[in-house]
Amino acid sequence: MANRLFVSVDLDGLEDAIESVQERFDGVSGLRLTDPEQAHITLKFLGDTDPDRVDDIVTALEGAVEDSGVEPFEAEFGGLGVFPALSYISVVWVGVRDGQGGAELTALHEAVEARTVAMGFDPEDHEFTPHATIARMDHAGGKETVQDTVKNEDPDVGRLRVEEIRLKESELGPDGPTYRTVESVSL
């Protein structure tokens with residue numbers, strides 16, 4: 001059976017700060033908050049993958065880290081954004097502060113993208129924006145509240161030392177996805 005896999009940088013240690021950002025959205029109609037314990041930046045979504053490919057993927061990720069030239073670095077998280085646009089919101093996210101780790105995350109994404117596409121995984125169809133999803137919009141009931149908050153607030157989430165990327169498995173359940181680390185690759 002195939003596993004839903006993705007490659008991430010996890011926001012370990014920032015759970016309380018993420019939860020305090022999410023409190024701005026408590027009770028907003030149509031908005032479903034994500035589990036702060038699972039906050040991460042997706043470098044590459046691989047999708048349903050044969051478990052027999054995991055070893056090859058890990059080897060590719062090790063190569064991607066080497067290709068990227070990225071050493072352990074500090075990243076600072078904060079600010080709010082949405083996808084795809086303020087006029088139509090499906091995801092609310094916190095981002096990476098300018099000059100505070102975005103270049104390194106982008107370099108890691110590009111290297112992981114190159115290595116995984118070479119293995120036959122689908123290329124990304126949108127530009128990479130380093131972000132951690134904090135909520136999903138199921139319907140537009142509270143859209144104006146979300147728009148106002150995103151436009152007018154610039155919360156700080158905190159700093160994190162990024163020392164590894166992780167291959168994660170996503171298991172979809174009735175209460176949303178649960179993530180499990182399959183393998184970690186050090187920078």
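The values are calculated or read from the model by the stated rules, or taken from the named source; none is laboratory data. Quick caveat, the model's predicted, so the values are computed rather than measured. Here the Cβ is made from the backbone with ideal geometry for all residues, glycine too, and neighbour counts use every protein chain on show.
For beta carbons closer than 7 Å, sequence separation of 6+ or different chains, a first residue in segment 31-51 that is over 16 Å from Val9 (Cα atoms) and a second that is at pLDDT below 95 and aliphatic (A, V, I, L, M), the qualifying pairs are Asp48/Ala2; Thr49/Ala2; Asp50/Ala2. Within segment 8-21, one or more residues are of a type in the set (D, E, K, R) and under 19 Å from Gly142 (Cβ atoms).
Scanning segment 105-131 for residues that are surrounded by fewer than 22 Cβ atoms within 10 Å (Cβ to Cβ), within 24 Å of Arg161 (Cβ to Cβ) and over 14 Å from the mean Cα position of the chain (by Cα) turns up Ala107, Glu110, Glu113. Restricted to segment 23-96, the set of strands (runs of 3 or more DSSP E) holding at least 3 residues that are buried (at least 19 other Cβ atoms within 10 Å of the Cβ) comprises 40-49, 73-85, 88-96.
Within the set Leu11, Leu61, Leu5, the sole residue that is under 17 Å from Ser184 (Cβ atoms), in contact with a His (Cβ under 7 Å, 6 or more places away or on another chain) and of a type in the set (A, V, I, L, M) turns out to be Leu11. Here segment 1-22 is the region considered, the condition is being part of a strand (DSSP E or B) and among the β-branched types (Val, Ile, Thr), and the residue that is surrounded by the most Cβ atoms within 10 Å (Cβ to Cβ) is Val7.
If you go through segment 5-30 and keep only what is of a type in the set (D, E, K, R) and either in contact (Cβ under 8 Å) with a residue 24 or more places away in the chain or on the phi > 0 side of the Ramachandran plot (or both), you end up with Asp10, Asp12, Glu15, Arg24.
The set of residues in segment 105-156 that are without any contact (Cβ under 8 Å) to a residue 12 or more places away in the chain, over 22 Å from Ala39 (Cα atoms), charged (D, E, K, R) and part of a loop (DSSP other than H, G, I, E, B) contains only Asp125. Looking for whichever is modelled with pLDDT of 95 or more, under 24 Å from Gly101 (Cα atoms) and of a type outside the set (Lys, Arg) here; the options are Phe25, Phe6. Which one fits? Of the residues listed, the single one that is modelled with pLDDT of 95 or more, under 24 Å from Gly101 (Cα atoms) and of a type outside the set (Lys, Arg) is Phe6. The set of residues from segment 6-39 being of a type in the set (D, E, K, R), in contact with a Pro (Cβ under 8 Å, 6 or more places away or on another chain) and over 25 Å from Val182 (Cβ atoms) comprises Asp16, Glu19, Arg24. Pick from Lys143, Lys168, Lys151: which is basic (Lys, Arg), surrounded by 17 or more Cβ atoms within 10 Å (Cβ to Cβ) and under 18 Å from Leu80 (Cβ atoms)? Among Lys143, Lys168, Lys151, only Lys143 is basic (Lys, Arg), surrounded by 17 or more Cβ atoms within 10 Å (Cβ to Cβ) and under 18 Å from Leu80 (Cβ atoms). Summed over segment 7-25, residues that are touching a strand residue (DSSP E or B) at 6+ places or on another chain (Cβ under 7 Å) and of a type outside the set (Val, Ile, Thr) total 8.
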